[in-house]
Amino acid sequence: MKEASSDSFQNSLWTTAEMRRRVAPAGWLIGLALLLQQAEPLSKTTLTAPTPPATTLTAPTPPAVAQTSLGEFNVAQLQEYEGLRGRFDRDKILGFLARRPWTVLGRLTYVSRVFLDTKSAWESQESLPEDQRTRGAMLNAAMAGLGPVSVKVGQTLSQRPDLVGEEACEALKSLQTKNRPFSNAAALQSVAVEFKLNSTANVAPNIGGLPASECLFASFSEEPAAAASLGQVYKARTHDNREVAVKVQRPDALRTVAIDYTCFAVVWKLIERWWSFQRTLRGEGPFDNGDIGDVVDTVADGLFDELDYDLEALNADRFRESLDFLGFVDVPTFLPELSTNRVLTTEWIRGAHLEALSVKDGALMTQLAVEACTASLVLTGYVHADPHEGNLMLREDGKVVFLDFGLMSGVDGYIMESFAQGIRACLAEDYESLARAFQDVGFLTTPLQFRESPKQAYELYDTPNGLDQFANELRDAMATTEGGTSRFGALAEVLNGKLSKRWKMFTPPYCLLLIRTFLTLEGIAAQVDPDFNIYEMALPFALRRSLAPSSKEGVETLRKSLLTDDDRIKWDALMSLIGDEQEEVIDDGKPKAEADVGAALTAVVGSSSGAALRKAIRDVDAADLAARLVSRSGRDVRRRAALSVAGAMEKALLPRRRKVSHVE
């Protein structure tokens, strides 16, 4: 067989014959792991996207003429993976690649080599002056070159300097909008195939010189405006003179995602079996932190949804409708007549990303995005799970525009209530309530499991004061962690880095994308306001959910937090809810939260979801209430009520308008 001409190719991706000869035992090991994975049932906790309406978009049938290549991509190689397109099917994917163990092994070998080479290069430049370092560019190129899964990881890490350092963050930022593009030839050929055009010349007059009447678009940019992990965006103009964004999917996206998911699943299965073997030898029983496999499935499920542009269009419409009540959130308008399952056309947004905004407008956009995502988390239950800088824009009219709706999270009602309770408890430093919220959403086991040191096995800690002990340790850990009551990342650090060494914890798979959402937003906020407190910004929406519970447990919690057993008002709790005496408002140029406790109460009391609150109000001991209001101690209540009414009237008479003041 002829030698490969590239040394790097030989060193990373071996040919099939060489691989069979040199690493046959490893191939059988990969095959065995795949069979083990395939035999296990799909987790019941895997996140599922909402069921699309009965009327769905249908991609046109490709032309009958056989296509042998799309630019640099081999169509025959990619076509065999098309049977995996659609909703994530764990068994189908693992079964398909179980018959191709050498493909999986080749990918694992390549990824391992890139990781080791990049790590070595990074460490070798540690002592160099910053202006002589090239390792940032090397890291960026390595992450981009590994494909969509790696890019998603890089995009998240680019917002977290507290995890990977400022230098690595800066190196990874361009992955949000300036990813490594595939060729324009491949993009144009993909458009031609999807719309059954005779050739790429029929895409637009400026592409092939044909008359406009014979072309799909009136114009089409020759270079992409942005390149993302799974596709790239071109600016085009329709025949009715509308500026549009045309997103074209990478031809190899499906194949890469399927193989990378299988690699993660195989590696995790081998690690799990090895750890179980080691624990058995030590007499500790089988490895029981099995939710990691579910997390891998959850990530893959989201990526497969991102490959379905029909679903993305439906997601965008649902997201817009769910947050319409806020008045400051929008999404690009979708053009179904110019879209397919792999080409998505939307209106072109006139606005700016964070890097092009002034500090004031950057802070405004961040505030609006946090408010929108918090409202999604605790009120609507439909959350944008990929809100990095490249997917957020501040439009000229002052609205925040979300882009890219492939990755979304659904949240059940009782989980929304638990998150709302957690936000309120964290800001109030009420660690007993926070501990209960952790147990409700599944971060803590029920019953509790505890160990004195990591070398010991967990034991049941089913005692009346068990949760109180956890709450005390949580209080101490938060007090000694920077940003404990203001940063979501600090809470994650406390749970994962401190308490998990003694208390058994899980990261529920359904929470994974939600955590990613708020870690990303917090990273963006830190760039424009070092003192940004994500809990303060989220509190009004959390209160609104807490005041409008839908579950039996939530209703009981609301009642107990406001009334005693004999229906007397808990005045201390009520005053805490209303807040401290209003302070003088200082205009420091930073945006203030529009929503407050009064707005939350107003929104809930008269709504259909306010039944529990209205019942609690009806059950109040009227004599006790009247006595309190006319007493000397009721003076503060009367004054605050008057201030709230005055504030509400001022907002109604002088509505605040958001307008972008300056774009650099």
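Across the alpha-carbon set of the stretch 192-236, the Rg to Rh ratio works out to 1.01, Rh being the Kirkwood radius. Computed with the Debye formula from one identical point scatterer per Cα of the stretch 446-496, without solvent, the log10 of I(q)/I(0) at q = 0.17, 0.20, 0.26 Å⁻¹ comes to -0.62, -0.79, -0.99.
Strictly over 31 Å apart at the Cα level, which of Lys92/Lys196; Lys247/Lys269; Lys173/Lys360 would you flag in this model?
Working: Lys92/Lys196 29 Å; Lys247/Lys269 36 Å; Lys173/Lys360 21 Å.
Too far apart for the 31 Å limit: Lys247/Lys269.
In a DSSP loop and with at most 16 other Cβ atoms within 10 Å, the GluC sites (Glu not before Pro) in the stretch 335-423 are Glu396.
The stretch 382-486: which trypsin sites (Lys or Arg not before Pro) are DSSP loop and have at most 13 other beta-carbon atoms within 10 angstrom? Each step should come with its number before you reach the end.
Details: sites: Arg395, Lys399, Arg424, Arg436, Arg451, Lys455, Arg475; in loops: Lys399, Arg451, Lys455.
Passing both the DSSP loop test and the Cβ count: Lys455.
Applying Stokes-Einstein at 10 °C and 1.306 mPa s to the Kirkwood radius of the stretch 418-552, computed over alpha-carbon pairs, gives a translational diffusion coefficient of 102 µm² s⁻¹. Restricting the calculation to alpha carbons of the stretch 323-387 gives Rg and Dmax of 14.2, 39 angstrom. Taking the convex hull of the alpha carbon positions in the stretch 246-380 and averaging its projected area over all directions gives 12.2 nm². The solvent-accessible area of Leu467, taken with every protein chain present and a 1.4 Å probe, is close to 40 Å².
Run through the stretch 76-127 and list the trypsin sites (Lys or Arg not before Pro) located in a DSSP loop whose Cβ has at most 16 other Cβ atoms within 10 Å. Don't jump to the answer; show the numbers that get you there.
Details: sites: Arg85, Arg87, Arg90, Lys92, Arg99, Arg107, Arg113, Lys119; in loops: Arg85, Arg87, Arg99.
The qualifying sites are Arg85, Arg87, Arg99.
Against the empirical 2.2 N^0.38 Å (N residues), the stretch 351-462 has a Cα radius of gyration ratio of 1.43.
Put a dot 7 Å past the Cα of Glu321, heading toward its Cβ, do the same for Gln278, and the two dots end up 5.1 nm apart.
The values are calculated or read from the model by the stated rules, or taken from the named source; none is laboratory data. Source: prediction; values computed, not measured. When we count neighbours, we look across all protein chains shown, and the Cβ atoms used for this are built from the backbone with ideal geometry, even at glycine. Areas reflect the complete protein model, heavy atoms only, side chains present, ligands, DNA and RNA absent. Shrake-Rupley method; radii C 1.70, N 1.55, O 1.52, S 1.80 Å.
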